[in-house]
Amino acid sequence: MTPRSIIIDCDPGHDDAVALLLALASPELDTLGITTVAGNVPLALTSRNARSIVELAGRCAVPVFAGADKPLLRPPVSAEHVHGQSGMGGVSLPEPKPALATENAVDFIIRTLCEKPAGSVTLCALGPLTNLALALMQAPEIAARLREIVLMGGACFAGGNVTPCAEFNLYADPHAAQVVFRSGATIVMLPLDVTHQVLSTRARIAAIGELGNRAGQTVAQLLSFAASTGVENYGGDAPPLHDPCVVAYLLRPDLFGGRHINVEIETGSALTMGMSVADWWSVSGRPANATFMRSVDAPGFYALLGERLARLP
């Protein structure tokens, strides 16, 4: 089977790191490049962390491109209180050997989508959507050339994790998210409604740590740090594992269930800024523009993650 071509746009971050490792361990996916954006931590750190993870996976040939260092309009928002000052709290990774690519992330996204056959590239968005919005603003035609955008972001029934109603990635750049959701591209979203079901319990963390390789030990350390902070422990001492759900969906869509609905992004209200207004019951009359996932087979997800991490160095 021909591998699926993907670009991963991310802001590593613990869960971004795990998502990158899952993708790089999976032969079904051909990672054309990794683009970084300011989000969980500033751009210099997300770019460093992405290169460190590429090296950890033994995939140094996969290029990393730095992108936007701030949101389109709003002041920057970051999440060091969750991920530590470096974004990789809990581990100390050496200075990465792979250099950053010289091309800007936005230019790489546009060029790749224009060069590759239409409908052949999936954009996996794991952080704020600034890079993708800038690409769509500069070259709107790429929306029709994408196979689909699969993103981690938003929430409906689960509520928010940075405000009472907004999830971090969309809150960090709601104006960019609005551009993306109004672009006409095919969108699949993995919101908090799903990721809050994928909890890293002590038993699951221990199983990953016992895989016997460096990647497994690193992931276990990252997840143990996340559990120790208590910031996102929605299941007792078990933090959710957000971003790897995007990659798991590409590998095993049967693990997830959802509905094609209309989703709009709030940019005008201080109280609800960044909220993903998900019309689950189709009461607005607005046309559907995203597939909103609401359920997941969590044991199946962790079985997939463990099996793939075990393939890495």
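Observations
- Qualifying residue in segment 241-253 (condition: of a type in the set (Ser, Thr, Tyr), surrounded by 16 or more Cβ atoms within 10 Å (Cβ to Cβ), out of contact with any Pro (no Cβ under 8 Å at 6 or more places or on another chain) and not in a loop (DSSP other than H, G, I, E, B)): yes
- Residue in segment 291-311 that is of a type in the set (Phe, Trp, Tyr) and either at pLDDT below 95 or not in a strand (DSSP E or B) (or both) present: yes
- Scanning segment 168-199 for residues that are in contact with a Pro (Cβ under 7 Å, 6 or more places away or on another chain) and either under 23 Å from ARG252 (Cβ atoms) or among the aromatic types (Phe, Trp, Tyr) (or both) gives ASN169, THR195, HIS196, VAL198, LEU199.
- For segment 25-73, a residue qualifies if it is over 18 Å from ALA125 (Cα atoms), touching a Ser or Thr at 6+ places or on another chain (Cβ under 9 Å) and assigned to a loop (DSSP other than H, G, I, E, B), and the qualifying residues are ARG59, LEU73.
- Residue list for segment 152-170, filter: β-branched (Val, Ile, Thr) and within 15 Å of the chain's Cα centre (by Cα): none
- Taking segment 156-178 as the range and being surrounded by fewer than 22 Cβ atoms within 10 Å (Cβ to Cβ) and assigned to a helix (DSSP H, G or I) as the test, the residues that pass are HIS175, GLN178.
- Yes/no for ALA238 being assigned to a loop (DSSP other than H, G, I, E, B), buried (at least 20 other Cβ atoms within 10 Å of the Cβ) and either of a type outside the set (S, T, N, Q) or under 17 Å from the mean Cα position of the chain (by Cα) (or both): yes
- Extreme residue, surrounded by the fewest Cβ atoms within 10 Å (Cβ to Cβ), among residues of segment 2-24 that are at pLDDT 95 or above and in a loop (DSSP other than H, G, I, E, B): PRO3
- In summary, ARG145 fulfils each of the numbered conditions (1) within 17 Å of the chain's Cα centre (by Cα); (2) crowded, with 18+ Cβ neighbours inside 10 Å with the single exception of condition (1).
- Check on THR31, more than 21 Å from VAL198 (Cα to Cα), touching a Leu at 6+ places or on another chain (Cβ under 8 Å), surrounded by 22 or more Cβ atoms within 10 Å (Cβ to Cβ) and modelled with pLDDT of 95 or more: yes
- The residues of segment 1-49 that are closer than 16 Å to ASN104 by Cα, of a type outside the set (S, T, N, Q) and touching a helix residue (DSSP H, G or I) at 6+ places or on another chain (Cβ under 7 Å), listed by number, are ILE7, ILE8, ASP9, CYS10, ASP11, LEU32, GLY33, ILE34, VAL37, ALA38.
The values are calculated or read from the model by the stated rules, or taken from the named source; none is laboratory data. Given the structure is predicted, the values throughout are model-derived calculations rather than measurements. Backbone-built Cβ (ideal geometry, glycine too); neighbour counts: all protein chains shown.
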